[in-house]
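Reviewing the structure listed below.
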Amino acid sequence: DFGDAISILEYIKHVHYQKVQQQLHCDHNELRNTNFRPFDLEEKRESFLLTGTTLHTIGVLHLLSGELTKAYECFLSALNMKQQALSSFRSIDDDVAYHEEIAVSLVEAGIILYAEEKFEDSLKLFLKALEIYTKICDYSEVQNDSRRHKHGNGIAIVNNNIACVHFQMGNSIAAFATFEEATRQTKKHMLATKGNMDLLHVATTLCNVGYAKLQCKDYENAITVLEEALLVQQSVLGDDHIVVMKTRGNLEFANAFHA
């Protein structure tokens, strides 16, 4: 039950936020006459980050419940808290911190704007998230493979979202070029890890490409892409899952028109 989960998380957020408020009061010397122990920098960062990540999770649950306005407000609040926690990842010329926690909330907020057909605003958030993931992925080239693939996965997912926005805005050339980059990234990073969720992300990108090809009446290429997507989905979900059946339906539609 999302309602029960949200209630529990709201309580957890309240506990974390109370600590944030205590720290802010302490910073302004409003607790000088109490026995309140001053907080060190790491404690402050932890409190802000825990509040931010909890707000983000609440936003995801509101999104799954179809409560887009509440979800969007949570993601914006989460971004604010995370920005304060992760200020050390931001240079003086940057408006956001270059950290994956920031990128994750930007993407979720962008998805809501996309659902509300506010495509230009959605695109701005996705592009900022892409910039963050690209920067930290470049840095992670000197780190271990798992971190590099994780951040590469983020690039692939955001590129898929950007491509969808371009397509909805009528920019089909930009859309297919970005879909191609998203597909390249998914195969480079997600197939390297071969986790079920990673495979499904690959299939999602392929399905979006196939759907776009269908809309452009490019049935032959739509069939090729959808067949690949279907094989990936079946390997993870089996034959009877609703997602598999939807892809199979699109494939049958493409085959009918191609014939």
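For this structure, a couple of remarks:
- Set side by side, the residues Leu63, Leu55, Leu49, Leu24 differ, and just one is in a helix (DSSP H, G or I) and either modelled with pLDDT of 95 or more or in contact with a Ser or Thr (Cβ under 6 Å, 6 or more places away or on another chain) (or both), which is Leu55.
- Any hit, the range 92-108, residues being at pLDDT 95 or above and of a type in the set (Asp, Glu): yes
- When Ala174, Ala212 are screened for being under 26 Å from Cys137 (Cα atoms) and within 24 Å of the chain's Cα centre (by Cα), only Ala174 passes.
- Considering (1) touching a Ser or Thr at 6+ places or on another chain (Cβ under 8 Å); (2) under 28 Å from Glu116 (Cβ atoms); (3) at pLDDT below 90, the lone condition that Lys19 does not fulfil carries the number (2).
- Residue in the range 157-167 that is nearest to the chain's Cα centre (by Cα), counting only those that are open to solvent by 30 Å² or more (accessible area, probe 1.4 Å) and under 17 Å from Val107 (Cα atoms): Ile157
The values are calculated or read from the model by the stated rules, or taken from the named source; none is laboratory data. Owing to the predicted nature of the structure, the values given are computational and were not obtained by experimental measurement. FYI the Cβ positions are ideal-geometry reconstructions off the backbone, even for glycines, and counts take in every protein chain you see. For accessibility, only protein heavy atoms count, side chains too; no ligands or nucleic acids. Shrake-Rupley method; radii C 1.70, N 1.55, O 1.52, S 1.80 Å.
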